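Novice: Just dropping this structure here.
The values are calculated or read from the model by the stated rules, or taken from the named source; none is laboratory data. On a predicted model such as this, the values are computed, not experimentally measured, just so you know. With ligands, DNA and RNA removed, areas are computed over all heavy atoms of the protein, side chains included. Shrake-Rupley method; radii C 1.70, N 1.55, O 1.52, S 1.80 Å.
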Amino acid sequence: MSVTTNLSFSDVSVDRAYPVPPFAAACVDAARDSWGASFDHPFVQALAQGTLQAERFRFYQMQDARYLEAFSDAAALISTRCPDPDDKLWFIDAARMALVVEGELHAGYGEQLGYDADDIAALTLTPNNRAYQDHMISVAQRGSLVEAVAALTPCPWLYIELGQRMEAEMGAIPDDHPYADWLAMYRDPEFNDYMANLLSRLQRFADAADGAARSRAKEAFQTSIRYEWMFWDQAWTQQTWPV
């Protein structure tokens, strides 16, 4: 496999294949440095290049499987707070997709990397993973609706943008790329519709909120972006509890 070096994913001024309403754009702008840092993380760079060590990817995949359970819980909690039935159904579907669609990807890599559902269930969460999950669930339960959705948005958005930037930078995925399935999933153009729906709902909830709630939502978005970087970093360092 040919290896590309110095992949330049960190430019946030990119054309996106889905509309980005004003409030979502303001959230990204407020979190600009944290947003760009994820694209430059050595884990992400090595993943794109195909040079990432298998044990690091295994660590990431297993922790991510548990994180997605919390993402699903947060989306389900948000659905209970939506007065519009269409919004309820959309977040219920988002909760299901986190477990089913991405779960299939995790199951496939589990066969390759030597872990199964029992191993995931018995996993000790890293400090970073536990903190990220607690943040999402807490905001989903206690924050306003716009805050809850803002805390949830960075995870799918960052991954979808990463996949699409990789496609623009790298072109076709080499046949022998060890993480081809992962790269292909987040390049899928169907995610453009997912993002359009999510960001339009974020905008509607922001429009219905007051200024204080919108400010807290930006903070929740920024916090989740920081946790996204920390999620890459925990896999790169294979983080454990210090005591």
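Novice: Quick one: accessible surface of Leu77, probe radius 1.4 Å, all protein chains present, in square angstrom to the nearest 10.
Specialist: Estimated to the nearest 10 Å², Leu77 gives 50 Å².
Novice: Right, something else. When a/c is below 1.5 the answer is rounded, else prolate if a/b is larger than b/c, else oblate, so apply that to region 20-149 with a ≥ b ≥ c taken from the square roots of the Cα gyration tensor eigenvalues.
Specialist: In terms of gyration-tensor shape, oblate.
Novice: Okay, next question. Using a 1.4 angstrom probe and counting only protein chains, how large is the accessible area of Ser138 in Å², to 10?
Specialist: 40 Å²
Novice: Please work out how much accessible surface Glu104 shows to a 1.4 Å probe, ignoring ligands, DNA and RNA, in Å² rounded to 10.
Specialist: 120 Å²
Novice: Also: At 1.4 Å probe size, with the rest of the protein present, what percent of the exposed accessible area of region 151-236 is carbon and sulfur atoms?
Specialist: It is 48 percent, rounded to a whole number.
Novice: Want the number for Asp176 to Asp116: 0.36 nm per residue separation, take away the alpha-carbon distance, what's left?
Specialist: Gain on stretching Asp176 to Asp116: 19.2 nm.
Novice: Cα-based Rg (one decimal) and Dmax (whole number) for region 68-208, in Å?
Specialist: Cα radius of gyration and Dmax of region 68-208 are 16.3, 49 Å respectively.
Novice: How many Å³ per residue does the convex hull of the Cα positions in region 127-243 occupy?
Specialist: Expressed per residue, the convex hull around the Cα atoms of region 127-243 is 122 Å³.
Novice: Order Ile92, Ile160 by their accessible area, 1.4 angstrom probe, all chains in place, largest first.
Specialist: The ranking, largest first, comes out as Ile92, Ile160.
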